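Please read the structure below before turning to the comments.
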Amino acid sequence: MSICGGIAGSRGRNPSGVVIHNDAGSINATAAFYRNWLPNHNLVNGFAHEYVCSDGIVHAEDYEFMAWHTANSIGNANYIGIEVCQSMGNEITVIANEQASFKLAAEILKRYGLVANVATVKLHREFVATSCPHRSWELHGQAIEAVRSYYIQEINKYMNATNVTPEAPDNTNTEENKQEEFDMVCLFVITPGGQALHYFDGKNITTLQHPDEGNILKAIYKENYGKDMPVIYRDGAWFQRLKDVAQRKVL
């Protein structure tokens with residue numbers, strides 16, 4: 001039996017799509033937290049079907065049952081609710097949880113013979129006045145059409161696995177390819193010591209706060225590219241060079 005036990009009632013038909021939410025939870029709102037919190041939560045105050053966290057996914061309700069996740073009878077009766085958790089946490093964690101949510105959404109839509117479009121992929125705020133999904137709103141356009149289009153685009157990457165992304169550049173160590181390293185998505189470690197882990201997305205450099213963040217990024221990279229993300233060890237001078245490239249100070 002699911003955590004919520006069908007409390008919101010049977011749907012009586014197949015779902016029409018998914019609604020992607022942001023949970024407004026901190027970095028500590030992990031799967032372990034939700035497994036403990038949901039059984040003691042007053043479910044009338046709201047719950048979703050799935051909670052996607054950095055340490056896993058909590059399945060709270062089976063899909064044949066409704067969930068009280070949109071504060072709207074049409075939304076609750078027809079859509080599966082997916083929470084992107086830890087949405088008040090750091091950006092890397094939020095984006096990783098979003099990607100895991102998109103993959104899950106693709107699996108759900110395929111299960112019911114649906115495609116990702118404006119009818120099947122919804123934002124909470126399309127059903128009721130709310131800031132949800134507040135962090136996706138901040139990151140992906142601050143307009144319903146922009147955020148929804150981003151969701152659909154990313155879900156379709158998982159629905160059409162062969163078209164996820166072009167193959168990454170070859171990570172060989174020749175002189176010809178040294179400059180290409182600066183344009184690659186990669187994790188890098190400054191030597192000596194190997195204490196600081198950083199992430200370069202081709203444009204920006206982010207210092208990771210916890211090793212698990214690197215593991216999440218590597219998992220997403222392998223899912224998209226079909227190969228391991230490069231982990232590059234370089235000295236401080238290389239790090240400064242990379243920052244200059246990211247800031248477009250050099251070509």
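Data table
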item	result
Checklist (1) part of a strand (DSSP E or B); (2) in contact with a His (Cβ under 6 Å, 6 or more places away or on another chain) applied to Tyr51, failing item	(2)
Hits in region 66-114 (condition: outside any helix (DSSP H, G or I) and of a type in the set (Ser, Thr, Tyr))	Thr70, Tyr79, Ser87, Tyr112
Matching residues, region 199-242, being basic (Lys, Arg) and either modelled with pLDDT of 70 or more or closer than 27 Å to Asn97 by Cβ (or both)	Lys203, Lys218, Lys222, Lys227
Single residue of region 23-48 satisfying the filter (within 25 Å of Glu91 (Cβ to Cβ) and among the β-branched types (Val, Ile, Thr)) that is surrounded by the fewest Cβ atoms within 10 Å (Cβ to Cβ)	Ile27
Residues being at pLDDT below 95 and either small (Gly, Ala, Ser) or surrounded by 15 or more Cβ atoms within 10 Å (Cβ to Cβ) (or both) - total across region 12-22	1
Whichever residue in region 49-79 is aliphatic (A, V, I, L, M) and more than 25 Å from Ala219 (Cα to Cα) and, among such residues, is surrounded by the fewest Cβ atoms within 10 Å (Cβ to Cβ)	Ile74
Residue in region 80-88 that is at pLDDT below 95 and either surrounded by 23 or more Cβ atoms within 10 Å (Cβ to Cβ) or touching a Leu at 6+ places or on another chain (Cβ under 7 Å) (or both) present	yes
Residue check, Ala106 in contact with a helix residue (DSSP H, G or I) (Cβ under 7 Å, 6 or more places away or on another chain), at pLDDT 95 or above and not polar (S, T, N, Q)	yes
Among the candidates Ala48, Ala96, Ala105, residue that is touching a strand residue (DSSP E or B) at 6+ places or on another chain (Cβ under 6 Å) and within 25 Å of Tyr199 (Cβ to Cβ)	Ala105
Ala119 being among the hydrophobic types (A, V, I, L, M, F, W, C), surrounded by fewer than 19 Cβ atoms within 10 Å (Cβ to Cβ) and in the same structural domain as Gly46 (by TED's automatic domain parsing)	yes
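The values are calculated or read from the model by the stated rules, or taken from the named source; none is laboratory data. Being a predicted model, the structure only gives us computed values, none of them experimental. Please note: Cβ atoms are built from the backbone with ideal geometry, for glycine as well, and neighbour counts cover all protein chains shown.
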